[in-house]
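The values are calculated or read from the model by the stated rules, or taken from the named source; none is laboratory data. Every value quoted in this text rests on a predicted model; they were computed, and no experiment measured them. A quick note on method: Cβ atoms are made from the backbone with ideal geometry, for glycine too, and the neighbour counts reach across all protein chains shown.
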Amino acid sequence: MPTSTDPFARVAIWCFVLGGIFAVLGGLALAAPWVAATVIAVFCGVTLLAAGVSQLAMAIGTYTWRGFWIMLLCGGLSTLAGTGMLTLPEAGVEALVIFLGLLLSFEAAAKIAAAFAIRDGFPWGWLLLDGVITGLLGGILLTSSPAAAGVLLGIFVGINLLSSAATFLAMGMHLRRAGRMA
C-alpha cells in the first residue's frame with residue numbers, strides 16, 4: 001500500500017479528484033447546455049467588467065504615468081466588452097463559441113503532440129483520444145451557425161469535461177499501479 005508521502009499516490013489521488021469534478025461538471029453541462037453556456041457568458045462578462053474597472057481605476061490613479069492612455073483604452077475596452085456580454089448574453093455566447101472553438105483546436109494540438117511525445121510507459125492512447133475528441137469539438141464549433149451556438153457551447157463544454165475526466169481517471173489508475181510497482 002503506498003504511503004501518503006509516495007509521490008505517485010499523491011498525484012494519483014489528485015487525478016481521481018479532478019476526474020470526478022470534471023465528470024460532475026460535464027454531466028451538468030450536458031443536462032442543461034443553454035444554462036451552461038449562459039453561465040459561462042455571464043462569468044466572462046463579470047470577469048471582463050471587473051478587469052476593466054480595475055484598469056480604469058489604475059489609469060486614473062496613475063495619470064502621470066507614461067502608459068496612462070494605453071491603460072485607459074484597455075480598461076475602457078474591457079469594461080465595454082464585459083457590459084456587452086452581460087447586457088446581450090446571446091451575442092456573448094456567440095463570441096465565446098468562436099473563442100472556444102479556437103481554444104479547443106489549440107488544446108487538441110497540444111494533447112495530440114503530448115500523446116506522441118510520452119508514449120513509453122504512459123496511457124498515451126487516452127490522451128490521444130482526448131486530443132482527437134477535443135479537435136473535433138473545436139472544428140464543429142468554428143463551423144457552427146450562430147443559432148446553434150448556445151446549445152453547442154454547453155454540450156461541447158460538457159463533452160470536453162467528460163473526455164478530460166476519463167483521461168484524469170486513466171492517469172490516476174496508471175499512477176496508482178506505477179506506485180505499487182515502485
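Within the stretch 131-143, work out how many residues are part of a helix (DSSP H, G or I), of a type outside the set (Gly, Ala, Ser) and surrounded by fewer than 17 Cβ atoms within 10 Å (Cβ to Cβ).
Here the count works out to 4.
Taking the condition more than 30 Å from Arg176 (Cα to Cα), touching a helix residue (DSSP H, G or I) at 6+ places or on another chain (Cβ under 7 Å) and surrounded by 15 or more Cβ atoms within 10 Å (Cβ to Cβ), does Thr62 pass?
no
For (1) within 20 Å of Cys44 (Cβ to Cβ); (2) at pLDDT 90 or above; (3) surrounded by 15 or more Cβ atoms within 10 Å (Cβ to Cβ), each residue gets a yes or a no:
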residue	(1), (2), (3)
Leu96	yes, no, yes
Ala110	no, yes, no
Asp120	no, no, no
Gly125	no, no, no
Leu129	no, yes, yes
Arg180	no, no, no
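Looking only at residues that are modelled with pLDDT of 85 or more and under 32 Å from the mean Cα position of the chain (by Cα) in the stretch 52-67, which one is nearest to Met85 (Cα to Cα)?
Gly52
Can you confirm whether the stretch 68-75 contains a residue that is modelled with pLDDT of 90 or more and either touching a Gly at 6+ places or on another chain (Cβ under 7 Å) or closer than 30 Å to Leu175 by Cβ (or both)?
Scanning the stretch 68-75, I find at least one residue that is modelled with pLDDT of 90 or more and either touching a Gly at 6+ places or on another chain (Cβ under 7 Å) or closer than 30 Å to Leu175 by Cβ (or both), so the answer is yes.
Given the criterion of a type outside the set (Gly, Ala, Ser) and modelled with pLDDT under 90, identify the matching residue among Phe8, Phe16, Phe22, Phe43.
Phe8
Check off (1) surrounded by 15 or more Cβ atoms within 10 Å (Cβ to Cβ); (2) more than 20 Å from the chain's Cα centre (by Cα); (3) outside any helix (DSSP H, G or I) for Gly172 and give me the number that stays unchecked.
Failed condition: (3).
Residue check: is Ala148 part of a helix (DSSP H, G or I) and at pLDDT 90 or above?
Criteria not met by Ala148.
Among the numbered conditions (1) closer than 30 Å to Leu153 by Cα; (2) of a type outside the set (D, E, K, R); (3) not in a helix (DSSP H, G or I), tell me where Tyr63 comes up short.
(1)
Of all residues being touching a Phe, Trp or Tyr at 6+ places or on another chain (Cβ under 6 Å) and of a type outside the set (A, V, I, L, M) in the stretch 155-169, which is surrounded by the most Cβ atoms within 10 Å (Cβ to Cβ)? Just the residue, please.
Thr167
Quick one: which of Leu102, Leu86, Leu49 is of a type outside the set (S, T, N, Q), more than 20 Å from Leu152 (Cα to Cα), modelled with pLDDT of 85 or more and not in a loop (DSSP other than H, G, I, E, B)?
Leu49
What number of residues within the stretch 126-151 satisfy the criterion of being among the aliphatic types (A, V, I, L, M) and either under 22 Å from Leu169 (Cα atoms) or in contact with a strand residue (DSSP E or B) (Cβ under 9 Å, 6 or more places away or on another chain) (or both)?
Number of matching residues: 7.
Hey, Ala91 hits all of (1) modelled with pLDDT of 85 or more; (2) in contact with a helix residue (DSSP H, G or I) (Cβ under 8 Å, 6 or more places away or on another chain); (3) surrounded by 14 or more Cβ atoms within 10 Å (Cβ to Cβ); (4) more than 27 Å from Met171 (Cβ to Cβ) but one; which does it fall short on?
Just one mismatch for Ala91, condition (1).
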